[in-house]
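Working notes for the structure below.
The values are calculated or read from the model by the stated rules, or taken from the named source; none is laboratory data. Quick caveat, the model's predicted, so the values are computed rather than measured. Cβ sites come from the backbone with ideal geometry, for glycine too, and all protein chains shown count toward neighbours.
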């Protein structure tokens, strides 16, 4: 199932009992954050929230704010058009593991997969709802034509100031479109954007991100870099902008596959980039690398701490377009659990079949909320030979965003890694710290305040699996305490009849 706007998805959430509306005016300065933070920390992620009258410096914005829309397993599955995240993962897994047909039935299955794939490729259209209202900016930074009320700038959007020590208002769910100047390959990434003024924001491109790589090439050529940002539209766009795809693989291709419908793309008004025609907002502009970097931050980040101020490129807005009845999508990050936890779970589940193609011994992976994505990774494996756990650690540290993982704990296949208590029990019970700990170095999350140097740090891996003789373990490994199956069955029956 696909959604043609943020409003359509919100309506679906309401019909499913997953939405809570607030008609009272609520300030975009801190108040919406406090409300959303309390909701996100409810069991299962609470409900999505629609703030119908957000205020900016006391003035009511014409654009309602939708927040926590992806903050539960159910809402995340709905955004992917599936009954569950695992269903979506199984479907993608069948695609990546497709083999040449050996018979007519296999051929029919492969034909069905091919029909699904025909929707994956984006299609270019001439116009779309994202251009129902168009505001071009002149070089002085003023929208051209009409009164100020009719010509909104960045200052008129209900952008949140999330936490008290934030440097200002931050756009928190921007899908940032850039293009490789050499290959023309598109990237859609998610990088926070601090609003500096009516026409300028920061562009928080962390140095390991694809957007930053594109920027370095433009800097080398001395050219201005065209950048466009879209907000809203089908919620699968937001998910795909955060997905850990390999550099060069188009996020909108994945979006088309997941929504089973081609993403309609329309050319921007002031640059040649293509953006989803059914988005709610489009912010067009450029980055000029001949300019000095600007101070960005602090920002209350997903680490649970403020990321400190640093220098980043400035993004200059040349045009702002939107739907007539646009909804402004937002999120907040901070001390876990937050909405991003459920987005992270979906990424792991969806790409598990791809990971297992390289590491077939992996049974499951979990990123506990307390680890704020990649600080802590639990992995269960089907262990068949000595030091296999270390192979998995090194393999994951070399796999995309997993390079940021601080701690990797590897356990046996019978451990449910989604149950943190089970993992901690095996970790404590099955390890000798000196023998089972490996320390290494590598890239670190630029937001990690604990590293001695920016963006580099150490990592630790623990082998919490049962030990084999080939690993130098000369003692007998004891069995885990479990009850006899027949006795368990008898007591199960007894408890049913005694109710």
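Side notes on the structure shown:
- Residue within the range 3-18 that is farther than 23 Å from residue 234 by Cα and either touching a residue at least 60 places away in the same chain (Cβ under 8 Å) or out of contact with any strand residue (DSSP E or B) (no Cβ under 9 Å at 6 or more places or on another chain) (or both) present: no
- Residues that are in contact with a helix residue (DSSP H, G or I) (Cβ under 6 Å, 6 or more places away or on another chain) and surrounded by fewer than 20 Cβ atoms within 10 Å (Cβ to Cβ) were ranked within the range 224-263; the one that is modelled with the lowest pLDDT is 247.
- Of all residues in the range 286-321, those satisfying the criterion of being under 19 Å from residue 178 (Cα atoms) and outside any strand (DSSP E or B) are 288, 289, 290, 291, 293, 313.
- Check on residue 364, assigned to a loop (DSSP other than H, G, I, E, B) and at pLDDT 95 or above: no
- Of all residues making up the range 481-495, the number that are closer than 24 Å to residue 413 by Cβ and surrounded by 10 or more Cβ atoms within 10 Å (Cβ to Cβ): 2
- So residue 17, is it in a loop (DSSP other than H, G, I, E, B), crowded, with 22+ Cβ neighbours inside 10 Å and modelled with pLDDT of 95 or more: no
- Selection status of residue 221, at pLDDT below 95, surrounded by fewer than 19 Cβ atoms within 10 Å (Cβ to Cβ), over 21 Å from residue 123 (Cα atoms) and out of contact with any strand residue (DSSP E or B) (no Cβ under 6 Å at 6 or more places or on another chain): yes
- Options 81, 71: the member that is in the same structural domain as residue 195 (by TED's automatic domain parsing), modelled with pLDDT under 95, buried (at least 18 other Cβ atoms within 10 Å of the Cβ) and in a loop (DSSP other than H, G, I, E, B): 81
- Restricting attention to the range 116-127 and to residues that are farther than 12 Å from residue 269 by Cα and part of a loop (DSSP other than H, G, I, E, B), the residue that is modelled with the highest pLDDT turns out to be 125.
- Residues in the range 297-313 that are surrounded by 21 or more Cβ atoms within 10 Å (Cβ to Cβ) and either free of Cβ contacts under 8 Å to residues at least 24 places away in the same chain or over 19 Å from the mean Cα position of the chain (by Cα) (or both): 297, 312, 313.
- If the condition is being out of contact with any strand residue (DSSP E or B) (no Cβ under 9 Å at 6 or more places or on another chain) and either assigned to a helix (DSSP H, G or I) or closer than 19 Å to residue 77 by Cβ (or both), then the range 41-60 contributes 42, 43, 44, 45.
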